[in-house]
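Peer 1: Below is the structure I would like to discuss, written out as structure tokens.
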Amino acid sequence: MFGDSRYRFVLYVALIVAALATFGVWRVIDGMRASSRIATQSVVVAATDIPEGMPLSRINLAVVELPVAAVPAGSFSSPDSITGRVSRLSIFKGEAIVPGRLAPVGTAGGIEVKIPPGKRAMSLRIDDVAGLSGMVQPNSRVDVMLTTGDSQNGGGQVSKLFMSNMRVLSVGSQVTRGNDGQPINAPTATLEVTPEEAERLALATREGSIQLVLRGYGDPDSVKTTGARKDELLGGVTVQQAPARIAAPVRRTTPPATAPAARAPAPQPTVAPEKTDSVVVRVYRGGDVQQLRFESARDSARRDSIRRAQQRADTLDHHTVR
């Protein structure tokens, strides 16, 4: 009886020790979990890419949980607080919405949201050629080229890039670039300019024709050219002139007055040479080469008759001079 109570006491003590040990281990594990747990906060982010000047709605907004340390300053926790606001800058998918990305409260969507402080928007009339056949789109960067009369070089034509790296705010009534990248054929393009550039551009449109030159993406270089003139277009082409014609010398038809008149010699008969039936034979003797001509008897007789006729003509001419 006494032995059973002793064993029972030992069992109770063991159970109590085990419970205390289990509770202690649980507290340690729970403390480790609490120390590793990161506090989060609800943040409103863009559910899709939002271009500048677009009103926000529940469709293009989403709510995610971010660590408190990673929450941007001024971010919003509820979509209802910014629904209807207009984006001032482009907002990419997954980016947290902050006040710096939004236009002031009450601002309506449109091109005026895209104009930064100190800048202006100025529209130009363009055609298919001046607008690069629709390749110029909103947010493109262009150079402005003016073609006008050159009063300093005899009234010729001169073309000059006088504005560089200009931002295109809109093309026609479209203020955002299309997702399909298709050309935008519109009669006008609106550029972002300073007040001084607006004055120069207004004068340029009156003085000549304006053409837009599209720049590559991320090209920040400014333009420094002297302009192209009409007389310089063929500057690298060499033109060969025809040689000058030399006048033939004038032959005098009358002798000088002081020279005595001389009797003109009698004309000599001219005999046209005829082909001979001769054969040329080359004889090789060691390193020497000799050519021997063999003529027929008819050729020899013909040559003798020609020689005699020439001698008679010389004799007749001699007697005539005496």
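Peer 1: Between residue 182 and residue 228, what FRET efficiency comes out of the Förster formula 1/(1 + (r/R0)^6) with R0 = 25 Å and r the beta carbon distance, rounded to 0.05? Walk me through the intermediate numbers first.
Peer 2: Details: r = 32 Å, r/R0 = 1.30.
According to the calculation, E is roughly 0.15.
Peer 1: Under 24 Å from the Cα of residue 160, which lysines turn up, not counting those fewer than eight places away in the same chain?
Peer 2: 119, 224, 230
Peer 1: Along Cα→Cβ, 7 Å out, is where each label goes; now give me the distance between the ones at residue 219 and residue 135 in nm to one decimal.
Peer 2: 1.0 nm
Peer 1: Calculate the spin-label point distance for residue 162 paired with residue 98, positioning each point 7 Å from the Cα along the beta-carbon direction, and give it in nanometres.
Peer 2: Going from the residue 98 label point to the residue 162 one covers 4.1 nm.
Peer 1: Between residue 120 and residue 33, 0.36 nm times their residue separation minus their Cα-Cα distance comes to what?
Peer 2: Residue separation times 0.36 nm, minus the Cα-Cα distance, leaves 25.6 nm.
Peer 1: If I stretch the segment between residue 288 and residue 21 completely, what's the gain in nm (0.36 nm per residue apart, minus their alpha carbon distance), one decimal?
Peer 2: 82.9 nm
Peer 1: Count charges around residue 86 for me, please; just the other residues with Cβ under 14 Å from its Cβ, Lys/Arg as +1, Asp/Glu as -1. Walk me through the numbers on the way to the answer.
Peer 2: On the way: positive: 85, 88, 101, 114; negative: 52, 112.
Here the count lands on +2.
Peer 1: Work through the residues other than residue 108 whose Cβ is under 14 Å from its Cβ and net out their charges, Lys, Arg +1 and Asp, Glu -1.
Peer 2: Working: positive: 85, 88, 114; negative: 52, 112.
So the surrounding residues net to +1.
Peer 1: Okay, next question. Counting only C-alpha contacts under 8 Å and six or more residues apart, can you give the relative contact order of region 116-231 as a whole percent?
Peer 2: 40 percent
Any read-out appearing in this document is the output of simple, stated calculations on the displayed coordinates, not a laboratory observation. Remember, predicted model here, so these are calculated numbers, not experimental data. Positions of Cβ are generated from backbone atoms using ideal geometry, with glycine treated the same way; all protein chains shown enter the neighbour counts.
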